[in-house]
């Protein structure tokens, strides 16, 4: 059973598009199950081999109901880790399995991640043609695996960057050259909603007033105050590709809070090399408290807080409260 022109439309497009589905590969797996007259079709993806491997398991529920919204995280069948890549295995080669009839194809990427395409039937053996078709899917499955791994890494990096920006009170919005919104962070949405609940129009364009419209139309770098109290500022700058060609515009929205939060005391203690009880006072001072206010918040006497502050200045090499606050805010603690 070779891959037909219809399979290219039904199966291959669904395989390559599947990484972008809300329930990844549900369409592909449902179509593959029908094409092979299988009772179940699953796709497992795991990182390089480790004794305690668990795999992301993607599947299409029986029938035509709503697909599972997220992949299941399943204990990894140890027998699958021993299968060689780019070969279709049958049930007789997979010990300790309950399925009556089964075919599995494994592929790997350059970083060592693996994907296993697994189809089963309760009755009726798979044919050689079925195995041949699965084998032909291998090259496309390998591409889908590489795409999934790259996208997963990119999303992890984006999540880490977004968390850091949120700690600094900053969000981002991507705009095309006409001012239509291409994407935004959760923090930006919160800030913009406070400025104007209808910040994104029905046509997708940003709706934040004439100053913003004019800045978008002019292009280049601009700073605009969107709200005075509490202040919310927008910094606009074009975004260029690696060759320097401008591809879109970006609005980075910043909520001005007087000073970023100092972060949890434990990371601050580690970074400044001070005891935890002194770091708690440093965090309060960096948040804008006076020594008296910090003492009250931490349940200290003013004299004890003053002693702590003097030891903080000595340990950090700072010259007074303002210098200590600068040291706190220039550390990585606000990102914790």
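A short reminder: the numbers here are calculations on the coordinates, not readings from a lab. Not measured: the values here are computed from a predicted model. Cβ atoms come from the backbone with ideal geometry, glycine included; neighbour counts cover every protein chain shown.
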Checklist line | Length added when fully stretched, residue 5-residue 163, from 0.36 nm per residue minus Cα-Cα | finding: 52.3 nm
Checklist line | As computed over region 125-208, the Cα convex hull volume per residue (Å³) | finding: 182
Check: Beyond 14 Å, what percent of the Cα pairs of region 265-335 remain?
Finding: 51
Item checked: Alpha carbon Rg of region 168-255, scaled by the compact-globule rule 2.2 N^0.38 Å -> 1.01
Note to self: Can you compute the FRET efficiency between residue 270 and residue 214 using 1/(1 + (r/R0)^6), with r the Cβ-Cβ distance and R0 = 51 Å? Round to the nearest 0.05.
What the structure shows: 0.65
Notebook entry, point to check: Could you give the length gained on full extension between residue 79 and residue 322, defined as 0.36 nm per residue of separation minus the Cα-Cα distance, in nm?
Noted result: 81.3 nm
Next item on the list: Compare the peptides 153-163, 223-233 by average per-residue count of other Cβ atoms within 10 angstrom and give them in order, highest first.
Entry: 223-233, 153-163
Notebook entry, point to check: Rounded to the nearest 0.05, what FRET efficiency do residue 153 and residue 293 have when you use their Cβ-Cβ distance and R0 = 35 Å?
Noted result: 0.20
Item checked: Using a Förster distance of 51 Å, the FRET efficiency for residue 329-residue 178 (Cβ separation, nearest 0.05) -> 0.85
